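Derivation of every value follows stated rules applied to the coordinates shown; laboratory data play no part. Owing to the predicted nature of the structure, the values given are computational and were not obtained by experimental measurement. Positions of Cβ are generated from backbone atoms using ideal geometry, with glycine treated the same way; all protein chains shown enter the neighbour counts.
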Amino acid sequence: MWKVVYLVYTGAAILLMSSCASKKQFAETNKVYEKQVEQLAEVIKQPLPTPHAMAAAGLPSPGLEGQRTDFEWVGTVNFNMRKPNFVVLHHTAQDSIQQTLRTFTLERTQVSAHYVIDKTGKVYQLLNDYLRAWHAGNGRWGSVTDVNSASIGIELDNNGLEPYSEIQIANLLSLLDTLKTNYKIPTENFIGHGDIAPGRKVDPGVNFPWKRLAEKGFGLWYDDILQTPPPSFNPLDGLRILGYDTRNATAAILAFKRHYVPTETTEEWTPFALSVLYNLYIKKTTL
Ligand SMILES: [Zn+2]
């Protein structure tokens with residue numbers, strides 16, 4: 001009995017110590033975060049942000065030439081924040097959660113995400129949902145070319161080869177539920193980094209349980225009963241309608257297969273892969 005109490009006590013003490021340690025470890029970057037948020041607040045407080053305020057907040061400074069400043073200000077009372085409308089899922093491709101947190105708090109890496117979920121299911125939040133994280137790179141989905149501005153980025157601690165742990169996926173599902181509820185994100189707008197950057201990124205990889213997510217309302221999935229597409233169906237049109245960037249057709253096909261038909265690793269269309277695509281295409285066009 002005492003042994004159990006002792007173990008629980010030391011376990012709690014270790015947890016407490018590690019949480020203090022990480023608080024101390026990130027105390028400096030937490031201060032930088034707060035300062036940067038204050039600078040952004042200064043920008044949006046003004047009707048016309050000044051180049052000085054923009055530069056201080058790390059935003060591209062508007063050119064002075066051709067800048068109109070002769071507007072008459074009439075502040076409306078009806079507005080709120082612009083909100084995220086997509087969720088992009090990633091795997092970290094790193095060896096430890098500490099390595100990932102360090103990457104996201106070093107200025108020189110120029111990368112970040114809103115959330116990181118470790119293998120024990122613990123969720124780290126790195127910035128406010130309304131702010132723009134740097135996770136999508138040159139991604140493109142449908143007509144959205146600035147995916148960072150429109151999305152929440154979630155990183156899963158996974159090296160890209162290992163299976164995802166049950167607790168990690170369970171906590172991801174509850175986070176997705178919160179985000180979908182808070183921002184009314186459409187079901188089809190839960191996508192992967194590999195989907196928006198074909199040929200460049202593969203995360204969250206072939207081990208990611210997309211079907212399970214879709215069953216909970218996060219992302220599309222195909223029906224059990226499929227039909228053969230008509231001869232007039234052009235698979236590249238289908239991929240484009242789903243959202244894929246088809247400028248590199250091979251990369252788009254491989255990205256699609258990684259997500260929906262991970263057993264296939266070639267760019268050739270099999271009857272099954274074509275039927276899956278046609279089914280999703282019909283779904284997307286009838287949403
Ligand atoms: Zn990624």
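Worth a mention:
- Nearest-20 debye value, the stretch 26-126 charge dipole, Cβ charges on Lys, Arg, Asp, Glu: 340
- If R0 is taken as 30 Å, the Cβ-Cβ distance between residue 45 and residue 102 corresponds to a FRET efficiency of 0.35.
- Cα Rg, Dmax, the stretch 156-287, angstrom units: 14.8, 45
- Long-range Cα-Cα pairs in the chain (distance over 30 Å), rounded percent: 42
- Restraint check, 31/180; 184/211; 24/122; 35/122, Cα-Cα greater than 23 Å: 31/180; 35/122
- Taken about its Cα centre, the chain carries a charge dipole of about 440 debye when Lys and Arg each add +1 at the Cβ and Asp and Glu each add -1 at the Cβ.
- Environment charge of residue 35, counting only residues whose C-beta is closer than 13 Å and scoring Lys/Arg +1, Asp/Glu -1: -4
- Among 131, 40, 239: highest mean-square fluctuation, GNM of the chain, C-alpha pairs under 10 Å: 40
- Each helix, a run of at least 4 DSSP H residues, gives -39500 (n - 2.57); summed and divided by the residues of the chain, these come to -13000 deg cm²/dmol at 222 nm.
- Shape call, the stretch 80-219: gyration tensor on alpha carbons, a/c limit 1.5: rounded
- The stretch 121-172-the stretch 219-287 distance, computed between alpha-carbon centres (Å): 23
- Relative contact order of the stretch 80-219: 33 percent, from C-alpha pairs under 8 Å at least 6 residues apart in sequence.
- The mean sequence separation of alpha-carbon pairs under 8 Å and at least six residues apart, normalised by the residue count of the stretch 235-285, gives a relative contact order of 42 percent.
- This model, with +1 at the C-beta of Lys and Arg and -1 at the C-beta of Asp and Glu, gives the stretch 235-285 a dipole about its Cα centre of some 200 debye.
- Once exposed loop chymotrypsin sites (Phe, Trp or Tyr not before Pro) are cut out (DSSP; at most 15 other Cβ, 10 Å), longest piece of the chain: 135-232
- Contact order normalised by residue count of the chain, Cα under 8 Å, 6+ apart, percent: 15
- Extension gain from residue 284 to residue 233, taking 0.36 nm per residue of separation minus the Cα-Cα distance: 16.9 nm
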